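Written below as structure tokens is the structure these notes are about.
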Amino acid sequence: MIISVASGKGGTGKTTVAVNLALSLNNVQLLDCDVEEPNCHIFIKPVFEHRNTVFIPIPRVDQTKCDGCGRCQEVCVYNAIAIAKKKVLIFPELCHGCGSCTHFCPHDAIKEENKEIGVVEIGEKSEIQFIYGKLHIGEMMAPPVIRAVKKHINKKRTVIIDAPPGTSCPVITAVKGTDFVILVTEPTPFGLNDLSLAVKVVRKLKIPFGVIINRSDLGNEKTDEFCTSEHIPVLMRIPFSKKIAEIYSRGDSIIEALPGYREKFQRLFAKIKKVKISQG
Amino acid sequence: MKQIVIISGKGGTGKTVITGAFAALAEYKVMADCDVDAADLHLLLNPKIKNSHTFRGGITAFTHKELCEGCGACRAVCRFEAVREDFTIDPISCEGCAFCHFVCPQNAIEMKVNTSGKWFVSDTRFGPLVHAKLGIAEENSGKLVSLVRQKAKEIAEEKNYKWVIIDGSPGIGCPVIASITGVDCAVIVVEPTLSGLHDAERVVGVTKHFNVPVKVIINKYDLNCGMTEKIERWFKDKNIQILGKVVFNKAVVKSVVEGKTIIEYSNNQVTKTLRNIWRLLKEELERTN
């Protein structure tokens, strides 16, 4: 089973849930797909064995073959190609690497070359296989790096994906194709607003899901009321505690520092399996 | 007119609460909510929408089945796995590159313009707010961010206002880059955790990459004072000014529940620090005129 952990709002506790769930189960693969700001490795502290570079193909024009006809500019919908005085100018940061310009050049003047936009690292920590992606600073597009991480999914294991915050392309790329989504929220107006958006995303993707309410005693009842009226199962509640905040702040896991939490996360997993059957 | 953006790298460190405080403290300003994915500033500012506009960003392929002869050229060229086995399009995977549209010998694939969001100009008790709502599972948040910023800037120029205060989004990718380029100051809100420091280092990298001046606020600093010291040292080494350190206080959550900025809601150590931070930031930015 592939479980993704998402949220809408940032900082609600996605990484805490993903890491502690992974540490509580056997035969797990943990994938950190928050490639803009990956954090799971801070808590897992794995030994990395492999490092792969993520590229996107960027066009390069052979000026000796190019006659400045402008066909490449016509087919590029991202405005990544401009023609000035019959010369082709390429703006690599706008290019999505679709390959259209290369294909349609009538003079075979465009070749693609790889531009590095991020890395994927693979490591182990006791029972867990850990994989994470990291977008290079100054790069715009997270989805290709997320896809590169997800290529490593091993369905023989329980796969847990830590997704990025938000509701647009990076989240969709991370969550798409997973079997269950855990939405982590906090019971504040900000948490609820962003949860309601995240619920719409998951419903659009037609994936079974449930909610974890973190810092469940800070805020109001509206999140619970929302989950009840929308028939969304609340999978777990984690009360606010300065102890948990402090454990998190130094990069440790709750299940190793606080008694009882390992069992709570194991029960969470059992509940997810049940909810998945009832919703699927 | 100066533009200030509040960003963090890591989510949930307090960007919107601090943007709300600046909205309450600054004079002659326009607010812009550039976290278009998961916008929350309106929950503090309670805007009265004056006008609402459709945002059309990007295009998505659509196969007219009656024209398709099933040659498969579209599926062969698509690099985003968006063409299904029956040559219809999965709109969620489609990046709108139009390669399939151009390559189709039957002209069976149309590129449809997406209505991918809405943006609004509103009045609030603190002045104008420009905000937006990206459609569910839509792309092009960077373009929508640029649009929101542009409108906010135009309003500020028209009214001869002094500040544009921008609530940014988490991360370091496309919407963040769109929200920071060309601003006068990016204020990074950091929390005293290893993750917070790790993420702040990356977002500082992005601001350097785009030559944006930065300053820092350490929020909830007393949740781990040792980590706060470590973060302070890191920023001092980088010659980045720390505007102030805000204590953790449950009153902040209560103010959000009430739909108020913390400045309106209470008068405590948090608001005292935030007032000092705003005064310092304002003086610094006025000096660099």
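Within segment A:124-137, being modelled with pLDDT under 95 and either among the basic types (Lys, Arg) or under 21 Å from A:THR167 (Cα atoms) (or both) holds for one residue alone: A:LYS125. Residue count for segment B:233-257 under the criterion of being surrounded by 15 or more Cβ atoms within 10 Å (Cβ to Cβ) and closer than 25 Å to A:LYS134 by Cα: the result is 3. Just one of the listed residues (B:VAL148, B:VAL121) is β-branched (Val, Ile, Thr) and either over 24 Å from the mean Cα position of the chain (by Cα) or surrounded by fewer than 21 Cβ atoms within 10 Å (Cβ to Cβ) (or both), namely B:VAL121. If the condition is being within 14 Å of chain B (Cβ to nearest Cβ) and within 13 Å of A:GLU121 (Cβ to Cβ), then segment A:16-32 contributes only A:ASP32. Looking at segment B:178-289, the helices (runs of 4 or more DSSP H) lying wholly inside it that each contain 3 or more residues that are out of contact with any helix residue (DSSP H, G or I) (no Cβ under 9 Å at 6 or more places or on another chain) sit at B:194-209, B:225-237, B:269-287. Could we say that A:ASP179 is more than 10 Å from the chain's Cα centre (by Cα), under 18 Å from B:LYS133 (Cβ atoms) and either crowded, with 24+ Cβ neighbours inside 10 Å or more than 9 Å from chain B (Cβ to nearest Cβ) (or both) here? No; evaluated as a whole, the condition is false for this residue.
For segment B:244-251, the criterion of being away from chain A (no Cβ under 14 Å) and not small (Gly, Ala, Ser) is satisfied by at least one residue.
Of the residues making up segment A:190-207, those that are among the hydrophobic types (A, V, I, L, M, F, W, C) and under 17 Å from the mean Cα position of the chain (by Cα) are A:LEU195, A:LEU197, A:ALA198, A:VAL199, A:VAL201, A:VAL202, A:LEU205, A:ILE207.
Among the residues of segment A:82-93, is any under 19 Å from B:VAL77 (Cα atoms) and out of contact with any Ser or Thr (no Cβ under 6 Å at 6 or more places or on another chain)? Taking every residue of segment A:82-93 in turn, none turns out to be under 19 Å from B:VAL77 (Cα atoms) and out of contact with any Ser or Thr (no Cβ under 6 Å at 6 or more places or on another chain).
For B:THR13, the criteria (1) in contact (Cβ under 8 Å) with a residue 40 or more places away in the chain; (2) of a type in the set (S, T, N, Q); (3) under 30 Å from A:SER7 (Cβ atoms); (4) not assigned by TED's automatic domain parsing to the domain that holds B:VAL212 hold in every case but one, which is (4).
A:GLY8 fulfils the conditions (1) modelled with pLDDT of 95 or more; (2) in the same structural domain as A:GLY133 (by TED's automatic domain parsing) except for a single criterion, (1).
Checking each residue in segment B:1-17 for being among the β-branched types (Val, Ile, Thr), more than 8 Å from every other protein chain (Cβ to nearest Cβ) and under 25 Å from A:ALA163 (Cβ atoms) picks out B:VAL5, B:ILE6, B:ILE7, B:VAL17. Does A:GLY210 count as among the small types (Gly, Ala, Ser), more than 27 Å from B:LEU223 (Cα to Cα) and within 22 Å of the chain's Cα centre (by Cα)? When the stated conditions are applied, A:GLY210 passes them. Across segment B:190-227, the qualifying residues are those that are of a type in the set (D, E, K, R) and touching a residue at least 24 places away in the same chain (Cβ under 8 Å), and the one among them that is farthest from the other protein chains (Cβ to nearest Cβ) is B:LYS215. When the helices (runs of 4 or more DSSP H) confined to segment B:1-88 are screened for residues that are charged (D, E, K, R), those reaching at least 1 such residues are found at B:15-25, B:73-77.
The values are calculated or read from the model by the stated rules, or taken from the named source; none is laboratory data. Just so it is clear, the structure is predicted and the values come from calculations on it, not from any experiment. No Cβ is skipped: glycine too gets one built from the backbone with ideal geometry, and neighbour counts run over all protein chains shown.
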